[in-house]
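Structure first, then comments.
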């Protein structure tokens, strides 16, 4: 399956191995792991003691599958995988894995970054941080919106 | 150490874990794995039965360290790792790992792709393929040269 | 009947994650439904003040002018922040 | 004395991976050394025909005009193809 939403942690090495398994055409695997940082941009100097990720069950999986399908339509890649965790997460824990296989590195890098940028603006996940100052929902970052928009511009150009 | 040249295979999961270890500032890890494909661009339809990677001991490590240092100077990243294998490799075997850690994904993606592009044109490795038609040294690809040059243009602009 | 869902800060503000509602006469799209909800007053009035409020109809991103029909699942939520 | 190294297809063509050579009078840079090697004839003549021949001096990428001095390590090789 191209997209998974789960509470459990994931093993990057095992996931990449499973994604590659049996496909001798693969020459390139680009991947990305997002991690809970102990300090977020908006948060003064206070560290994050924990984070909770909420999502929209049903829509989330559809949105992720649609993003992966879009990446496959845009670039010559063989396969792509997205794993996104939900629930309670602590600093340094893994949040998300995106991995893309292909023949050549350029296509896999572009597709992997595209999936991350679209996921950040189109997949229904919401982060809630707990800091020493209290709990708060994380605000969307404008840089995420502009990161996603640049793919639109390239596509239409 | 930021750069390693070795005959042995590497464990991507373990390498990423070691790279992240103890740094709670990390929010993003971009990585790339290059793999021996069974069919190369130049090779008709005949599969590759094995590959040998030769390198220039001494210069290789220096070149890789220099590329990593350049990436650290250009982008706000925390750390970077390059592992490149040499010796005899079979199809589907891993050749190279590049991994970059940082606070945000954009910088880590760019730095990771930069390191791969520079490695492809500036690190002294040479591939020799064995196919059913015989053995041959792999020709450099012009697309690799232009991939590396675009970073030069961006840097000077 | 519409199924309406609220997520994240909206869910907390309203103290409600889901409700069912008969599609009211005269409400033809997401914007119409939103106005109806805001008109309830109290916490609902805040829906009109949410910056960049997002909508989904039947689990697809939607816009104020996206049409609604009986049986639809409509979701309201703030901009997403996953990844 | 110069240490000269050959790699990959060059090493195979020449049947030689390394040699030592006294820095000949009149040879001041990599290009001068290359001309001297080509002038040996036989397999060496092919050095002049290698497309995009690369050079390194003391393990740093170099150019034909890169200066040479006694004790330098000079390497000749085809364009790299790792990664």
Rounded to the nearest 10 degrees, what's the angle between the helix B:142-156 long axis and the longest principal axis of chain B, both from Cα atoms, 0 to 90? 20
Efficiency of FRET from Cβ geometry, residue C:73 and residue B:150, R₀ 41 Å, rounded to 0.05: 0.35
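Among A:37, A:105, which comes first, second and so on when ranked by fewest other beta-carbon atoms within 10 Å?
So the residues, fewest neighbours to most, are A:37, A:105.
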Could you calculate the FRET efficiency of residue C:65 with residue B:76 from 1/(1 + (r/R0)^6), where r is the beta carbon distance between them and R0 is 35 Å, rounded to 0.05? 0.25
Modelled label-to-label distance, residue B:130 and residue B:11, 7 Å Cα→beta-carbon offset: nm? 2.9
Mind checking the angle between helix A:105-122 and chain A's longest principal axis? C-alpha axes, 0 to 90 degrees, to the nearest 10. 40
Length-normalised contact order of segment A:1-125, Cα under 8 Å, at least 6 apart, in percent, tallies to 39
7 Å along Cα→Cβ for the label point: how many nanometres lie between residue B:135 and each equivalent label in the other copies, listed shortest first? 6.5
Given label points at 7 Å from Cα along Cα→Cβ, what nm distances, shortest first, separate residue B:90 from the same residue in every other copy? 4.2
Hey, what angle do you get for helix B:59-74 against the long axis of chain B, alpha-carbon based, 0 to 90 degrees rounded to 10? 40
Minimum Cβ-to-axis distance in chain D for the rotation onto chain C, with residue, whole Å: D:83, 14
Taking segment D:2-77 and dividing mean pair separation by its residue count, relative contact order in percent (alpha carbons under 8 Å, at least six apart): 41
Across the identical copies, how the residue B:17 labels are spaced - nm, sorted shortest first, 7 Å along Cα→Cβ: 1.2
The distance between the Cα centres of segment A:84-132 and segment C:3-51, in whole Å, is 30
For A:29, A:39, B:48, what's the fewest-to-most ordering of other Cβ within 10 Å of each Cβ? A:39, B:48, A:29
Quick one: order C:51, A:62 by neighbouring beta-carbon count within 10 Å, fewest to most. C:51, A:62
Taking R0 as 25 Å, what's the FRET efficiency between residue C:21 and residue A:69 from their Cβ-Cβ distance, rounded to 0.05? 0.15
Looking for one value pair here: nearest-to-axis residue in chain B (by Cβ) for the rotation onto A, and the distance in whole angstrom. B:13, 1
For chain D, share of DSSP beta bridges that run antiparallel, in % to the nearest 5: 75
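No value in this document is a laboratory result; all are computed from the given coordinates. What you see is a predicted model, and the numbers here were worked out from it, not measured in a lab. Heads up, the Cβs are rebuilt from the backbone with ideal geometry, glycines too, and the neighbour counts pull from every protein chain shown.
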